[in-house]
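The values are calculated or read from the model by the stated rules, or taken from the named source; none is laboratory data. For clarity, every value in this text was computed on a predicted model and none was experimentally measured. Virtual Cβ from ideal backbone geometry, glycine too; neighbours counted across all protein chains shown.
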Amino acid sequence: MTSIGILGVHGRMGRAIGNAAAGAGATIAGGIDREGQVHGDHATLAALAAASDVLVDFTTPDALAAHLAAAVDAGTPIVIGTPGLTPGHHQAIDAAATAIPIVQTANTSIGVNILRGLVEEAARRLGPDWDIEIVEMHHRHKTDSPSGTALLLGASANRGRGAASNIAQNRFDRMQDGPHAREEGGIYYASLRGGSVAGDHLVIFAGDGERIELGHRAESRAIFAKGAVEAAIWLHHQPPGRYTMQDVLGL
């Protein structure tokens, strides 16, 4: 039975992970909140990391360095679902993954990760003559834009097109430098924020005279918690390295 330490235990995702663990046959070793206060039988982050089989982190980018250091020092695997990571954060994850197993993903939903494969295949078969637009909507409190999931979907489209870089064709702001024509081959994003939306994503392939729309709607954070727990249980027995939800799901 896998014992999970929750980083961000009092957040929306932290509470959902706690609820999902029992149904998946996992236990909760304890947790730490965003203010650094440890909850449970362990007095410090280091003690929590040592007592856990796997850590799960849904906090903030600013906390990532300390969480990675604690995981490496304890030799404890970690699942990272924190949004808004920068290239510097990804470099730190790469370095830590030489010592411990790490799953890092912008979305732990099984459905979204299936969608990624569909988007990649559609982009491969349709080619550059079809324009790609990605529309995402989240609750009013989400600050990063576009969402990490939207960027994952864009990266999947770029891979399908054979782009040299997963981000080479991304275009984020149509209003920048004034109105301008759509760039050929560009992947454009639109971000909407409001209400309590858990996460809606729509990838539109627009051709001449026809359109294909591939999408996913998250009706509850429970789907992300279920995927995060599944990732933690899978990661528990993996060797050091950096993994994705595609690896967890065998896709």
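Quick notes
- Comparison of ALA123, ALA97 shows that the only residue that is of a type outside the set (Asp, Glu), surrounded by 17 or more Cβ atoms within 10 Å (Cβ to Cβ), in the same structural domain as HIS201 (by TED's automatic domain parsing) and in contact (Cβ under 8 Å) with a residue 60 or more places away in the chain is ALA123.
- Taking every residue in the stretch 150-164 that is in contact (Cβ under 8 Å) with a residue 12 or more places away in the chain and more than 20 Å from LEU192 (Cβ to Cβ) and pairing it with any residue that is of a type outside the set (Asp, Glu) and part of a helix (DSSP H, G or I), at least 6 positions away or on another chain, the pairs with Cβ-Cβ distances below 6 Å are SER156/ARG116; SER156/VAL119; GLY160/ALA123; GLY160/ARG124; ARG161/ALA123.
- The single condition among (1) crowded, with 17+ Cβ neighbours inside 10 Å; (2) at pLDDT 85 or above; (3) not hydroxyl-bearing (Ser, Thr, Tyr) that ALA163 does not satisfy is (2).
- So GLY199, is it crowded, with 20+ Cβ neighbours inside 10 Å, touching a strand residue (DSSP E or B) at 6+ places or on another chain (Cβ under 6 Å), modelled with pLDDT under 95 and under 14 Å from MET13 (Cα atoms): yes
- Restricted to the stretch 34-120, the set of strands (runs of 3 or more DSSP E) holding at least 3 residues that are under 14 Å from the mean Cα position of the chain (by Cα) comprises 78-80, 101-104.
- Sole residue being among the aromatic types (Phe, Trp, Tyr), over 30 Å from GLY75 (Cα atoms) and buried (at least 16 other Cβ atoms within 10 Å of the Cβ), chosen from TYR243, TYR189: TYR189
- Any pair with Cβ under 9 angstrom, 6 or more apart, that starts in the stretch 193-222 at a residue that is free of Cβ contacts under 8 Å to residues at least 12 places away in the same chain and ends at one that is surrounded by 12 or more Cβ atoms within 10 Å (Cβ to Cβ) and among the aliphatic types (A, V, I, L, M): ARG211/ILE204; GLU213/LEU202; GLU213/VAL203; GLU213/ILE204
- The stretch 9-24 residues that are in contact (Cβ under 8 Å) with a residue 12 or more places away in the chain, paired with ones that are surrounded by 16 or more Cβ atoms within 10 Å (Cβ to Cβ) and hydroxyl-bearing (Ser, Thr, Tyr) (beta carbon under 9 Å, 6 or more apart): GLY11/THR59; GLY14/THR59; ALA21/THR2; ALA24/THR2
- Here the condition is being more than 18 Å from PHE58 (Cβ to Cβ) and of a type outside the set (D, E, K, R); of GLY148, GLY199, GLY209, it holds for GLY209 alone.
- Filtered residues of the stretch 192-217 (kept if among the β-branched types (Val, Ile, Thr) and part of a loop (DSSP other than H, G, I, E, B)): VAL197
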